[in-house]
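No lab work stands behind these numbers, since they all come straight from the coordinates. Note that this is a predicted model, so its numbers are computed, not measured. Positions of Cβ are backbone-derived with ideal geometry, glycine not excepted, and every protein chain shown enters the neighbour counts.
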């Protein structure tokens, strides 16, 4: 009984915070704190990653690219899942804030994916001797970037914003199903990229001296994303309000 | 069922009377494939090596070429709204139109591909596999294309948008389709690739009509 009422209370809190006006107030309150935490964590992570952590016994100093590369790869995947979830929530609940949040998140996810590809390319040159190889991991990340492109283009292709939001939500959900298929299809090609070494059964195969800066950087990336996401969603909400005001003014002028 | 067949027949008749659709697609496919030997040179070994990938990638682009018209005319003249308000559930309407699209473009592409394989020195023993892989794969392209066409109805620059959306989604079909032909060429087992292609086709059959129907409902809202 208590659990049910807790869930109800939580639901109400979320719904209340999801009212666009309240959201803006909430975002105004949260953004400085999350930004400060992101900057702090990023500072600590960078010092740890670039100065304190040891160079790799095989890869030397280039291993430090990992501390940017791996967190951005995680974020690229995480944000796509988030966009699809928000799209699904938007379609089912019809809530404008979910669409605004999805619209705000997609370009950030695309940017993280692009950073992952570029840093991977810079890392690949000294390690594999090539800027780019058509390896399963690289290809599936490239396709993820293309999925983001389609997503972003579709959400902005309509004069009526709502239609773009809904269409992009459907595409995100289809893309979400397709993502594992893409992954397994390209996994059939022989792979140069190393397999997972952090998130795997039996614990991470990476030394603590490298795991810690990696986790710090991953945390910093996540916080930075949340800060930027809140700023962008707030902008979307304000923009929607301005559009509505402009429409009202126009229809009144016509009358 | 009879409404389903009526929609299928109507779209096929439209495609047949118009005629241009199928022939344009086949013409594009032929020219696009013929451009490759001019680009990479006429050596049979090179052409044989790239043949599966070229044939599959060009079939993919050719199928894409005709997709923007799938719902566009019906959307413009309002018959799409009438169809959606009719007896047929939107999911089956999408399926009927995707079927018609496949018969008008995917099937001719499949039939023409072995002939173009000769252009690229594809060995005879790989021809049946090329045919089978396209027979399984082109319906997926029509189904995915139906989703893309429904989503981009009324959008600005819909044709380019459609390509940007559908091409990444179609990659698995390309990988396994071309993979099957390549296995046949090098004497490996073609079963796994074709089976996965069949699995992908069944998944698309289950998911795409639902997604496209949702998009159509949004478009006429």
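Please check: in the Gaussian network model of chain B (C-alpha springs, under 10 Å), which one of B:88, B:109, B:197 has the largest mean-square fluctuation. Its mean-square fluctuation being the largest, the pick is B:88.
Contact order for region A:55-165, expressed relative to its length and based on alpha carbon pairs under 8 Å spaced 6+ residues apart, stands at 26 percent. Principal-axis analysis of the Cα atoms of chain B puts helix B:90-101 at an angle of about 40° to the longest axis. Each label point was placed 7 Å from the Cα along the Cα-to-Cβ direction; for residue B:156 and residue A:93 their separation is 3.1 nm.
Once you sort the root eigenvalues of the Cα gyration tensor of region B:76-172 as a ≥ b ≥ c, which label holds: rounded (a/c under 1.5), prolate (a/b larger than b/c) or oblate (the other case)? Please report the intermediate quantities before stating the final value.
On the way: a/c = 2.90, a/b = 1.94, b/c = 1.50.
It is prolate, given that a/c is not under 1.5 and a/b is the larger ratio.
Relative contact order of chain B, taken over Cα pairs closer than 8 Å and 6 or more residues apart, is 27 percent. Helix B:191-220 and the longest principal axis of the C-alpha atoms of chain B enclose an angle of approximately 30°.
As an exercise, use a Förster radius of 60 Å and the Cβ-Cβ distance of residue A:28 and residue B:3 to find the FRET efficiency, rounded to the nearest 0.05. Rounded to the nearest 0.05, the efficiency is 0.65. Given R₀ = 35 Å, FRET efficiency for residue B:188-residue A:21 by Cβ-Cβ distance, to 0.05? Efficiency computed from Cβ-Cβ geometry: 0.05. Remark: the residue B:87-residue B:205 segment gains 40.4 nm on full extension, using 0.36 nm per residue and subtracting the alpha carbon distance.
Angle of helix B:127-151 to the longest C-alpha principal axis of chain B, folded into 0 to 90 degrees and rounded to 10: 30°. Compute log10 of I(q)/I(0) for chain B with the Debye formula, placing one identical point scatterer on every Cα and leaving out solvent, at q = 0.08, 0.12, 0.18 Å⁻¹, to two decimals. Taking Cα atoms of chain B as identical point scatterers yields -0.29, -0.63, -1.24.
Comparing mean-square fluctuations of B:85, B:146, B:51 from a GNM of chain B with C-alpha springs under 10 Å, the top value falls on B:85.
By the gyration tensor of its Cα atoms, with a ≥ b ≥ c the square roots of the eigenvalues, what is the shape of region B:135-178: rounded for a/c under 1.5, prolate for a/b over b/c, or oblate? All intermediate terms of the calculation are to be shown ahead of the outcome.
On the way: a/c = 3.68, a/b = 2.05, b/c = 1.80.
Prolate shape, in that a/c is at least 1.5 and a/b is the bigger ratio.
Residues of region B:129-161 with an amide N closer than 13 Å to a point placed 7 Å from the Cα of residue B:24 along the Cα-to-Cβ direction: B:159. Looking at the square roots a ≥ b ≥ c of the eigenvalues of the Cα gyration tensor of the protein assembly as shown, which shape do they give, rounded for a/c under 1.5, prolate if a/b is larger than b/c, or oblate? Because a/c hits 1.5 or more and a/b fails to exceed b/c, the protein assembly as shown counts as oblate.
If a spin label sat at a point 7 angstrom from the Cα of residue B:48 along the line to its beta carbon, the backbone N atoms of region B:184-202 nearer than 12 Å would be those of B:185-187.
Output the direction-averaged projected area (hull surface divided by four) of the convex hull of the alpha-carbon atoms of region A:24-158, in nm². Please list the in-between numbers first.
Working: hull surface 41.1 nm².
Average projection, Cα convex hull of region A:24-158: 10.3 nm².
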